[in-house]
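**Student:** Quick one: the structure is below, questions incoming.
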Amino acid sequence: MSVFEKDSLAAFEKLLLGYQKAKQSSAWIEKIDVLVAKMTHLPNDPFSQELIALFSYHYSVLSEDIETIIDKSLILREQKENKQRFVTINRRFYNIPFLPRKTFLKSLRVFNHEGVECYRVKSEMQINFSILIKWIIGNKEYKFPDLFSFNPKVKQFHILEIYHYSQYINLSNTNRKDYYDFFCDYYSKMQLINYLDNKLTSKTLTKPQFQQLPLLLVQNLSTSQQVLWAYFFFRLMGLKLRVNTDASTLTRFLHILNNIPTKDYKKSYYYTLSTRAPYIKEDKNLLKDLETVRLHFIQCKLPVEDIEKEIFTLVSN
C-alpha cells in the first residue's frame, strides 16, 4: 500500500468515525442522509472537476503514482490560469439633490466571463404623493428621501452558475502538498460513499463459510451479477472477453456452475448478457452490481483492481 493510499485510508477512517458517532446521536438520527451529503460534498468549480476526472482516469485506470498526477495537475493549472471564470457587474445610481449618493440603484447589469449579459435589474423611481403633501405642509415625520420609492424590475437571461470551491486548491495555487491533500480528500470521500453503498448490500449476504468458489457464486449472486463475476474472474486468468475469449465460453462456464445443460446455451439469458459484458445495465444499476461482485471477490480473497477501475470510471462519468 502506497503512502497516498495510507493517508487516504486514515482520512476515510476519520469520516467513518464521524458517521458512526452521528448514527448514535439523536440529533442526527433522522438527518443522517443530510450529514452524509455534507461529509461527501465535493467542489464543483471547473478546475476541481477537471482534477477529479484527471485523477479518476490516471490513478484508477492507468495506475499512475500520485506524484505524476500532481505534475499533470500543475500543467492543467497553467493552461487554465488565464481562463478564469468571472462576472462583471455594471451599476448606476440615481443622483438627485438631497439624496445620498450611490444609495438608490437605478440599474444593474451582470455579464459572465464571455461578456454575455445574464442578469439585469432596472429600478423605476416613483413619487409618493400622499407623503409629498404631508411634507409640503410641514409634517416633520417625513424627510426628503421618504418622498421617493424605487420599484426594481428583474430580468434574467441566463442562469449564473454558483460554484463551491475547494478548500485546498485554486488556479493560483502551485503548492504540491495542497494538491496531494485535495486528491486525498476526494479519494477518502469516495471510499466512504463505496462503504455506505456496500453496507446496504452486505446485509443481504451471509459471510462465506464454504471454501469452494463456484458454490459461493451460485448461491449468492443474481444472473447479471454472475456474468460480471465470471467476466472479471476470466480477466484474472488472463482471458479478456472479445480479445482472447468469447461470450460462448463465458456462458458455458456459467451453465456448468449452475448445472444447466450447455446444448442450447446461445438461447439463454446468460449468453445475452455475456455478449454485452461488462456493460450489461444502465450505469446506476451496473454500479450496484459491480459493488456486489467486488464484495464477493474480497470475501474470496481475490484481487479487485479490475473491478474498482470500472467502478471509478462509472463514478467519474
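**Student:** Of the numbered conditions (1) farther than 19 Å from residue 316 by Cα; (2) without any contact (Cβ under 8 Å) to a residue 24 or more places away in the chain; (3) surrounded by 11 or more Cβ atoms within 10 Å (Cβ to Cβ), residue 64 fails exactly one; give the number of that condition.
**Tutor:** If we test residue 64 against (1) farther than 19 Å from residue 316 by Cα; (2) without any contact (Cβ under 8 Å) to a residue 24 or more places away in the chain; (3) surrounded by 11 or more Cβ atoms within 10 Å (Cβ to Cβ), just (1) comes out false.
**Student:** Sticking with this structure for a sec: Does residue 172 satisfy being assigned to a loop (DSSP other than H, G, I, E, B), among the hydroxyl-bearing types (Ser, Thr, Tyr) and either under 18 Å from the mean Cα position of the chain (by Cα) or surrounded by fewer than 18 Cβ atoms within 10 Å (Cβ to Cβ) (or both)? Show your work before the answer.
**Tutor:** On the way: assigned to a loop (DSSP other than H, G, I, E, B): yes; among the hydroxyl-bearing types (Ser, Thr, Tyr): yes; either under 18 Å from the mean Cα position of the chain (by Cα) or surrounded by fewer than 18 Cβ atoms within 10 Å (Cβ to Cβ) (or both): yes.
It is true that residue 172 is assigned to a loop (DSSP other than H, G, I, E, B), among the hydroxyl-bearing types (Ser, Thr, Tyr) and either under 18 Å from the mean Cα position of the chain (by Cα) or surrounded by fewer than 18 Cβ atoms within 10 Å (Cβ to Cβ) (or both).
**Student:** Is it the case that some residue within the range 272-287 is closer than 22 Å to residue 58 by Cα and modelled with pLDDT under 80?
**Tutor:** Yes; the residues of the range 272-287 include at least one that is closer than 22 Å to residue 58 by Cα and modelled with pLDDT under 80.
**Student:** Condition (residue is surrounded by 15 or more Cβ atoms within 10 Å (Cβ to Cβ), touching a Leu at 6+ places or on another chain (Cβ under 9 Å), at pLDDT below 80 and not hydroxyl-bearing (Ser, Thr, Tyr)) applied to the range 93-105: is it met by at least one residue?
**Tutor:** Taking every residue of the range 93-105 in turn, none turns out to be surrounded by 15 or more Cβ atoms within 10 Å (Cβ to Cβ), touching a Leu at 6+ places or on another chain (Cβ under 9 Å), at pLDDT below 80 and not hydroxyl-bearing (Ser, Thr, Tyr).
**Student:** Counting only residues that are under 13 Å from residue 296 (Cα atoms) and not in a helix (DSSP H, G or I), which one in the range 212-238 is modelled with the highest pLDDT?
**Tutor:** 222
**Student:** Filter the range 272-296 for residues that are over 25 Å from the mean Cα position of the chain (by Cα) and in contact (Cβ under 8 Å) with a residue 60 or more places away in the chain and give the result.
**Tutor:** 296 - this is the single residue of the range 272-296 that is over 25 Å from the mean Cα position of the chain (by Cα) and in contact (Cβ under 8 Å) with a residue 60 or more places away in the chain.
**Student:** Something else: Just checking, which of 51, 42 is under 17 Å from residue 196 (Cβ atoms) and under 18 Å from the mean Cα position of the chain (by Cα)?
**Tutor:** Working: 51 fails: under 17 Å from residue 196 (Cβ atoms).
Result of the check over 51, 42: 42.
**Student:** May I ask you to verify whether residue 178 is assigned to a helix (DSSP H, G or I), free of Cβ contacts under 8 Å to residues at least 60 places away in the same chain and surrounded by 12 or more Cβ atoms within 10 Å (Cβ to Cβ)?
**Tutor:** yes
**Student:** Looking at the range 239-254, which of its residues are within 20 Å of residue 297 (Cα to Cα) and surrounded by 14 or more Cβ atoms within 10 Å (Cβ to Cβ)? Give the steps one after another, and end with the answer.
**Tutor:** First pass over the range 239-254, keeping only residues within 20 Å of residue 297 (Cα to Cα): 239-241, 250-251, 253-254.
Hits for the range 239-254 are 239, 241, 250, 251, 253, 254.
**Student:** Do we have residue 32 as modelled with pLDDT under 80, assigned by TED's automatic domain parsing to the domain that holds residue 152 and not basic (Lys, Arg) here?
**Tutor:** no
The values are calculated or read from the model by the stated rules, or taken from the named source; none is laboratory data. What you see is a predicted model; the values in this text were computed from it and never measured. Don't worry about glycine lacking a Cβ; one is built from the backbone with ideal geometry, like all the others, and counts go over all protein chains shown.
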